[in-house]
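We did not get these values from a lab; they are worked out from the coordinates using the rules stated. These figures come from a predicted structure and were not determined experimentally. Cβ sites come from the backbone with ideal geometry, for glycine too, and all protein chains shown count toward neighbours.
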Amino acid sequence: MDRPYYILLADNHAGFCREVRKILEDIPGVKVTGEAGNRRELFQLLRHLPTQLVILDICLPGIRAREGTQLIKSNYPETKVLITVLDQESEYLRYGLTAGAAGVLQKQHVGGQIAPAITAVRQGKFYVPPFAPEKIFSPKYVAVG
């Protein structure tokens, strides 16, 4: 983990992006390469910026997280996706995980979850936050092994 880890933020709420950027700037080895507020900006930035992780809002204008994750994974297979949600309902968590996301973050707790999430993703693991209902771990939704 000596090399910089490049992260692209994809959320249309500027205040949230500022908060996340500030947190990420304090994590050694992490560099925010850009911010996208909608689908067009997201894929334009992905084409031009080195990106190892996209932190993707579940409701980014122009694209939902499931479709966004699938498109990112098919066009940029080495790029990981963490989805941000406002609601801890297991349905939203499943959307992300079944689409191939590396994890899910709850926006209200991003300050306490983002560093462990990035560490997990960099180690090739999934990140599911502590609030996740137990049923999210059903083999139906999360591949084991």
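Residues whose amide H falls under 5 Å from that of TYR5, counting only those 5 or more places apart or on a different chain, are VAL30, LYS31, with hydrogens built in the peptide plane.
Under 1.5 on a/c is rounded, so check that first for region 5-137, then, if it is not, pick prolate when a/b is larger than b/c and oblate when it is not; a ≥ b ≥ c are the square roots of the alpha carbon gyration tensor eigenvalues. Here region 5-137 falls in the rounded category.
With a sphere of radius 15 Å drawn around the Cβ of GLU25, what net charge do the other residues whose Cβ falls strictly inside it have (Lys, Arg +1; Asp, Glu -1)? Overall, the nearby charge balance is +1. Count Lys and Arg as plus one, Asp and Glu as minus one, and take only other residues whose Cβ is under 13 Å from that of THR69; the net charge is then +4. Each peptide in 68-74, 51-57 was scored by the mean count of other Cβ atoms within 10 Å over its residues; highest first, the order is 51-57, 68-74. Placing unit charges on the Cβ atoms only, positive for Lys and Arg and negative for Asp and Glu, gives region 5-137 a dipole magnitude near 300 debye about its Cα centre.
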